[in-house]
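All remarks here apply to the structure that follows.
The values are calculated or read from the model by the stated rules, or taken from the named source; none is laboratory data. Bear in mind the structure is a predicted one, so any value in this text is a computation, not a measurement. Because the Cβ atoms are built from the backbone with ideal geometry, glycine has one as well, and the counts that use them run over all protein chains shown.
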Amino acid sequence: MLPAHMTTENVFAMTSPLDGAALDDVTATETSAISEIVAKAREAQRAWAEQGVDERVKAILAVKDRVLDRAEEITKVVHLEVGKPEVEILLGEVLSSGDVVQYWCDAAEELLDSVEVELDKLSFPGKSGVIYKEARGVVALITPWNMPVAIPLRTLIPALLAGNAVVLKPSEVSPRAGKLVHDLFVGLVPDGLVGLVQGGKEAGAALSSADVDMVVFTGSVATGRKVAHACAERLIPCSIELGGKDAAIVLADADLDRAANGIVWGAMTMSGQNCASVERVYVEKTVAKALTEKIVAVVKGLAAGDVGPLATSMQRDLVQKHVDGAKEAGARILCGGAAGEKGYSFAPTVVEVDSDDVPLMKDETFGPVIPIATVENVDEAITRANASRYGLTASIWTKKARRGEELARRLRAGVVTINNHAFTGALPQAPWSGVGETGYGVTNSPLALEHLTRPRFVLVDKNRSKRELWWYPYTGTLRTIALAFAVLRSSTPGIGAKIAAFFRLVGALPKRLGGG
Ligand code: NAD
C-alpha cells in the first residue's frame, strides 16, 4: 500500500510533513529515458577523466560557495519537504557539506596520485611498477530522504574528483532537494556529467540495472539487498550503507548530565530519523534511576519545533507500532508515546524497557524514542549492544577515556564514540561504515576512494636479457634455483643449510641465464 502522502499517479511526496501544505510538482523521469541519461554521463565522463585532478578540483571547489550561498534556499526546501528543523539543516546539510567539498578538494591531488611499487632488484631486474587510481566510470547514486543534501554530496564530491560521472536518484520523498543538489553542479562540470533521475523504486531499480559501473546506495536493508543482487548480476561493485540500531552504553562513572544531553540529542535530532540515532540505551544499574530522570527532564525541556515531524505518515505509524508493542510487553512510557496533532509529528518519547525481545529494541525505529534498559554491568551492556543484527555506530559514556577506548574494541560497530554520539558522519576525514545488516559501504575518509576508483597497475620492463628466469624451458636447473630460494627465504633452516643453498644457487644461476 502506498503511504498516505503519495498517490498512484505520482510517486512523489506532495504534501509537507509539517502541516500537510501542498508541495511543488515534480517531473518523474521516464524509465525508458534512464539509459540515455547514463549514456550521456558516460560520454561526458571520458573527457572529464582525461583532465588533470587540479582542473577537476578547480571546477568542484566552486560547489562549496554555491552550497553556502544557497543556504537559505536549501534550508527552505528541505524544511518543507522532510520537516527537519531549520537549524539542523543549516548545521547538518549546509555547513557540513561545505566542509566536505573543502576537504576533498584539499586532499584530492595527493589521494589520487599514482604510487610507485618497490620491486626486489635481484628477483625482478629492470622492472618498475606504478599503481594508478582510475575512475570507475559512471556511478549510480541512490539516496534516502533523511539527509537529502549531505548524503548525495558526500559521494558526489569525491566521485567526481576521482574522474567519475554520477547519476543521482534522490528519494521520492525528497525529490526537490535532490534537484537542488543536481543544480549545484550545472555550469561547473561538463553537461550530463551529473545526471538526475527522479522517481521511486522502479526508477531506482532501472538505474541500478542500467549500464553503470558501480552503485552507491544508502537506504533500507530491504532495498539494499535488491540493489546488491542487481549489482551481483552485472558483476559490478556496489557500496551499501543501510540502517542502524545504535546503542549508547552509560557506565556508572559517566558524567550523567553530559550523557543525558548527548543521548537526547543523539536520539531526537532529525526526529530520530538518522541511521546513527541512539535507539537503545544500556545503563549500569547504580546510575540507571538518575540517568533516566535526567533524560526525561531534558526531553520535557525541549522547545516546540526542536524535534520536527516524521517525514512520512508511514514512518509515524511505524514509530507508534514500536512504542505500542513495547508497552504491551510491559515497558513503561515515561513521557510522550503518541503522535502529535500537527502534520506527521510524534511526541518525543522515553521508554523504560526490560527485554530486548521487542521490535523497539530489535528493529530500526527511526523515530524520536529513547528506550532505556538497565544492565548489571558493562559486560551485559556490551553483549546486548552487540546482539543487534545492525552495527553502524555505538557510544560509550565514561569519564575514563582509556577504559572507553578499550571497550570500544569490543563493540561490533563501524564507528564508536566515547562521550559523544553520531556526529562523526559529518566529518569527511572519518570513515563511515558498518557491520552486519548495516552493510559494507564506506563513505568519507581516504578509504572511500578505494570504492570510487579502481587500481590499474602498469609494469615497465627494461630488462634487456632474452629470457626471464621463470620462462620456458622448465629444467632441472630452474628447479634447483627455486628450491635454493625457498631455503634462503625461510627462517627455519640452520646456517649450514643456508650456506649450502647459497652455493647451489650461485652454481645454477649462470647455467640458467645461459638457457639451461
Ligand atoms: P529506502 O530503501 O526506502 O529508499 C532509498 C532509495 O532507494 C530511494 O531513493 C528509493 O527510491 C530507492 N529504491 C527503492 N526501491 C529500490 C529498488 N528496488 N532498487 C533501487 N532503488 C530503490 O530507504 P529510505 O526510507 O529512503 O531511507 C531510510 C533508510 O536509510 C533507513 O534504514 C536509514 O537507516 C538508512 N540510512 C542509512 C545511512 C547510512 O549511512 N548507513 C544514512 C542514511 C539513511
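The figures follow:
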| read-out | value |
| --- | --- |
| Unmet criterion (only one of (1) closer than 30 Å to Ser128 by Cβ; (2) hydroxyl-bearing (Ser, Thr, Tyr); (3) within 16 Å of the ligand (Cβ to nearest atom)) for Ser465 | (3) |
| Residue within region 392-402 that is within 25 Å of Gly92 (Cα to Cα), among the small types (Gly, Ala, Ser), in the same structural domain as Arg258 (by TED's automatic domain parsing) and more than 14 Å from the ligand (Cβ to nearest atom) present | yes |
| Every pair of residues 6+ apart whose Cβ atoms lie under 9 Å, when the first sits in region 12-31 and is in the same structural domain as Gly178 (by TED's automatic domain parsing) while the second is of a type outside the set (Ser, Thr, Tyr) and in a strand (DSSP E or B) | Met14/Ala22; Thr15/Ala22; Ser16/Ala22; Thr29/Lys169; Thr29/Leu196 |
| Region 263-293, residues that are over 20 Å from Gly391 (Cβ atoms), in contact (Cβ under 8 Å) with a residue 40 or more places away in the chain, not hydrophobic (A, V, I, L, M, F, W, C) and not in a strand (DSSP E or B) | Thr269, Ser271, Lys285, Thr292 |
| Flag if Ala210 is over 19 Å from Asn146 (Cβ atoms), near the ligand (Cβ under 7 Å from one of its atoms) and over 18 Å from the mean Cα position of the chain (by Cα) | no |
| Cβ-Cβ under 8 Å pairs, at least 6 apart or on other chains, region 476-497 side farther than 17 Å from Ala508 by Cα, far side in a helix (DSSP H, G or I) | Pro493/Val487; Pro493/Ala501 |
| Residue check for Val78: within 30 Å of Ala303 (Cβ to Cβ) and either among the hydrophobic types (A, V, I, L, M, F, W, C) or not assigned by TED's automatic domain parsing to the domain that holds Ala422 (or both) | yes |
| Test: residue in region 174-187 that is over 18 Å from Thr27 (Cβ atoms), within 19 Å of the chain's Cα centre (by Cα) and near the ligand (Cβ under 9 Å from one of its atoms) | no |
| Residues satisfying the stated conditions in region 465-516, i.e. basic (Lys, Arg) and part of a loop (DSSP other than H, G, I, E, B) | Lys466, Arg467 |
| Residue in region 304-322 that is surrounded by fewer than 19 Cβ atoms within 10 Å (Cβ to Cβ), at pLDDT below 95 and at positive phi present | yes |
| Subset of region 462-484 (residues that are in contact with a helix residue (DSSP H, G or I) (Cβ under 7 Å, 6 or more places away or on another chain) and at pLDDT 95 or above) | Thr477, Leu478, Thr480, Ile481, Ala484 |
| Residue satisfying all of: in region 339-350; assigned to a loop (DSSP other than H, G, I, E, B) and either not assigned by TED's automatic domain parsing to the domain that holds Val278 or not hydroxyl-bearing (Ser, Thr, Tyr) (or both); nearest to the chain's Cα centre (by Cα) among these | Pro348 |
| Residue ranges of helices (runs of 4 or more DSSP H) in region 351-464 with at least 3 members over 23 Å from the mean Cα position of the chain (by Cα), surrounded by fewer than 19 Cβ atoms within 10 Å (Cβ to Cβ) and of a type outside the set (Val, Ile, Thr) | 378-386, 401-408 |
| So Thr155, is it under 22 Å from Ser445 (Cα atoms), touching a Gly at 6+ places or on another chain (Cβ under 8 Å), at pLDDT 95 or above and not hydrophobic (A, V, I, L, M, F, W, C) | no |
| Check on Ala248, over 30 Å from Val166 (Cα atoms) and assigned to a loop (DSSP other than H, G, I, E, B) | no |
| Selection count where residues are of a type in the set (A, V, I, L, M, F, W, C) and surrounded by fewer than 11 Cβ atoms within 10 Å (Cβ to Cβ), scope region 487-498 | 1 |
| Residue tally, condition more than 9 Å from the ligand (Cβ to nearest atom) and surrounded by 22 or more Cβ atoms within 10 Å (Cβ to Cβ), over region 215-244 | 3 |
| Pairs where the first residue, in region 428-443, is charged (D, E, K, R) and the second is more than 11 Å from the ligand (Cβ to nearest atom), C-beta under 9 Å, 6+ apart | Glu437/Ser388; Glu437/Arg389 |
| Test: residue in region 348-362 that is free of Cβ contacts under 8 Å to residues at least 24 places away in the same chain and either more than 16 Å from the ligand (Cβ to nearest atom) or under 25 Å from Ala288 (Cβ atoms) (or both) | no |
| Failed item, numbered, when Asp253 is tested on (1) within 16 Å of the ligand (Cβ to nearest atom); (2) more than 17 Å from the chain's Cα centre (by Cα); (3) under 20 Å from Ala385 (Cα atoms) | (1) |
| So Glu134, is it assigned to a strand (DSSP E or B) and either within 14 Å of the ligand (Cβ to nearest atom) or in contact (Cβ under 8 Å) with a residue 60 or more places away in the chain (or both) | yes |
| Of the criteria (1) out of contact with any Ser or Thr (no Cβ under 9 Å at 6 or more places or on another chain); (2) surrounded by fewer than 24 Cβ atoms within 10 Å (Cβ to Cβ); (3) polar (S, T, N, Q), which one Ser208 fails | (2) |
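This table checks each residue for (1) of a type in the set (A, V, I, L, M); (2) modelled with pLDDT of 95 or more.
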{"residue": "Met14", "(1), (2)": "yes, no"}
{"residue": "Glu36", "(1), (2)": "no, yes"}
{"residue": "Val53", "(1), (2)": "yes, yes"}
{"residue": "Lys58", "(1), (2)": "no, yes"}
{"residue": "Val77", "(1), (2)": "yes, yes"}
{"residue": "Glu93", "(1), (2)": "no, yes"}
{"residue": "Val100", "(1), (2)": "yes, yes"}
{"residue": "Cys105", "(1), (2)": "no, yes"}
{"residue": "Glu110", "(1), (2)": "no, yes"}
